[in-house]
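Engineer: Have a look at this one before I ask anything.
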Amino acid sequence: MMWLKSNGQPLDDTELEPIKYIGGDGADGALTVAAGTTNISGFKNYTTITVNNGATLNIQGPTIACATGAVSISGAITSDSNTTGYSCAEQGHIGTAGLGGPGGFSGIHWLRHQYQRVPLGGGSGGDGGIMMSAGEPGSINTGRCGGGGGGGAGCYAGGRGNSGGTANLSGAGGRIGADETTRGIGGNPKFGLCLETRDSITFGATATVTLTGGNGAAASDADSGNGAGAGGSALQCLAIGNLTFTAGAAITVAGGNGTNTTGSASGSGAGGLIGFWYGGTYTSGGTGTVTGGTATGATAGQNGLFFQTQLTSL
């Protein structure tokens, strides 16, 4: 049996105990998506996970999918949008200059087994601009564009892009007006996914994983702020055996775009996180996209993080 180090140091008994359960107990049996779409969410204990070419595994909430045996992805992994909240990453802000949200820093140490804050997350969302137009004599109408959401970490979603501010018809310098019907709405992030196994993980040549943040929507008049892009979410994979990312496979956790349709641009979402831990060998070749979103005239979302780390034995 292989034991693991953390930052090059042996783990103590309390840290070693959870590692024996990497990959779960297989209580949910084999997951085989042969065709069509299968939806999952939450914590799952499979014996094997197989997604065939042409089939789709869809994530409907933060999901940790464990397997005692091999994980083989040749089809698509998609995710529903998180419309009810955000978790690890911060959503953009609506304040002065529409500050972008910081990236997620509540990463999962050893994935599901021990939860502590570690610096594994996507980038920070881009800032939004301030809308300005002439109002009544002696006044200026202002509306504030939302900031982009931060990139996700763990199995959670990236930050939501903030909606734009409404026009301040009194010209009194920065307050949000009462009419919210014209502001642009921020994009929603996707739910994230953690895969872990005591065996191997293979992303075949036809595999795709898409956890991209939603784009912001434009305001419907020139006095209100545009909506910002959401942050990309996270895919984290741990295999005690080999991890193969075959040429042709594509994983995308990019940030959503802001918009400048009605004037000053809203912020864009940051790229999310792709994390590969493996105990055997890593075979590269696929494409991992963690870029931040863009909007002409505003700060782009920061790029996220794509890393590969080999687990070491004592």
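Engineer: Scan segment 183-234 residue by residue and report those that are among the basic types (Lys, Arg) and without any contact (Cβ under 8 Å) to a residue 60 or more places away in the chain.
Structural biologist: Of everything in segment 183-234, just one residue is among the basic types (Lys, Arg) and without any contact (Cβ under 8 Å) to a residue 60 or more places away in the chain, namely ARG183.
Engineer: Same structure again: Considering only residues that are over 28 Å from CYS66 (Cα atoms) and in contact with a strand residue (DSSP E or B) (Cβ under 7 Å, 6 or more places away or on another chain), which ones fall in segment 240-298?
Structural biologist: GLY263, SER264 - these are the residues of segment 240-298 that are over 28 Å from CYS66 (Cα atoms) and in contact with a strand residue (DSSP E or B) (Cβ under 7 Å, 6 or more places away or on another chain).
Engineer: What number of residues within segment 237-272 are under 16 Å from the mean Cα position of the chain (by Cα), among the hydrophobic types (A, V, I, L, M, F, W, C) and closer than 12 Å to THR210 by Cα?
Structural biologist: 4
Engineer: With (1) at pLDDT 90 or above; (2) under 14 Å from GLY158 (Cα atoms) as the list, and THR244 as the residue in question, which single condition is left unmet?
Structural biologist: (2)
Engineer: Give the residues of segment 27-50 that are assigned to a loop (DSSP other than H, G, I, E, B) and of a type in the set (Val, Ile, Thr), sorted by residue number.
Structural biologist: Taking segment 27-50 first, the residues assigned to a loop (DSSP other than H, G, I, E, B) are 27-30, 34-36, 47-48.
Selection gives THR47, THR48.
Engineer: With touching a Ser or Thr at 6+ places or on another chain (Cβ under 7 Å), exposed (fewer than 13 other Cβ atoms within 10 Å of the Cβ), modelled with pLDDT of 90 or more and over 30 Å from ALA298 (Cβ atoms) as the only criterion, which of THR37, THR56 stands out?
Structural biologist: It is THR37.
Engineer: Looking at segment 258-265, is at least one residue assigned to a loop (DSSP other than H, G, I, E, B) and within 21 Å of ILE73 (Cα to Cα)?
Structural biologist: No, because not a single residue in segment 258-265 is assigned to a loop (DSSP other than H, G, I, E, B) and within 21 Å of ILE73 (Cα to Cα).
Residue-wise test of (1) on the phi > 0 side of the Ramachandran plot; (2) assigned to a loop (DSSP other than H, G, I, E, B); (3) not hydrophobic (A, V, I, L, M, F, W, C).
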{"residue": "THR244", "(1), (2), (3)": "no, no, yes"}
{"residue": "SER268", "(1), (2), (3)": "no, yes, yes"}
{"residue": "ILE274", "(1), (2), (3)": "no, no, no"}
{"residue": "GLY285", "(1), (2), (3)": "yes, yes, yes"}
{"residue": "GLY297", "(1), (2), (3)": "yes, yes, yes"}
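Engineer: Applying the selection to segment 273-309, what residues are within 12 Å of the chain's Cα centre (by Cα), over 20 Å from LEU195 (Cα atoms) and surrounded by 24 or more Cβ atoms within 10 Å (Cβ to Cβ)?
Structural biologist: GLY292
Engineer: OK, next. Taking ALA67 as the residue in question, decide whether it is crowded, with 17+ Cβ neighbours inside 10 Å, touching a Phe, Trp or Tyr at 6+ places or on another chain (Cβ under 8 Å) and at pLDDT 95 or above.
Structural biologist: Spelling it out, ALA67 is indeed crowded, with 17+ Cβ neighbours inside 10 Å, touching a Phe, Trp or Tyr at 6+ places or on another chain (Cβ under 8 Å) and at pLDDT 95 or above.
The values are calculated or read from the model by the stated rules, or taken from the named source; none is laboratory data. For clarity, every value in this text was computed on a predicted model and none was experimentally measured. All Cβ positions, even for glycine, are placed from backbone atoms using ideal geometry, and neighbour counts span all protein chains on display.
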